[in-house]
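To start, the structure under review is shown below, and the notes come after it.
Any read-out appearing in this document is the output of simple, stated calculations on the displayed coordinates, not a laboratory observation. Being a predicted model, the structure only gives us computed values, none of them experimental. Neighbour counts are summed over all protein chains in view; Cβ atoms, including those assigned to glycine, are modelled from backbone coordinates with ideal geometry.
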């Protein structure tokens, strides 16, 4: 349980999650995490699966660059 660890992170955090992830369901991971992160932002991707970082790198890289700049 990382509840207290997540609450202690004060820097901006971008949580990315595919809405079609069958390995790590969004309800039990990203939705809970972003509620605990004081400066958390959740970005979801309709139709993206667990392998989205590889399969959809072009989309995710653009969103990551936007977040850090």
With (1) surrounded by fewer than 14 Cβ atoms within 10 Å (Cβ to Cβ); (2) in contact with a helix residue (DSSP H, G or I) (Cβ under 9 Å, 6 or more places away or on another chain) as the list, and residue 1 as the residue in question, which single condition is left unmet?
-> (2)
Could you pull out every one of the helices (runs of 4 or more DSSP H) wholly within the chain that has 3 or more residues that are in contact (Cβ under 8 Å) with a residue 12 or more places away in the chain?
-> 3-8, 30-36, 57-68
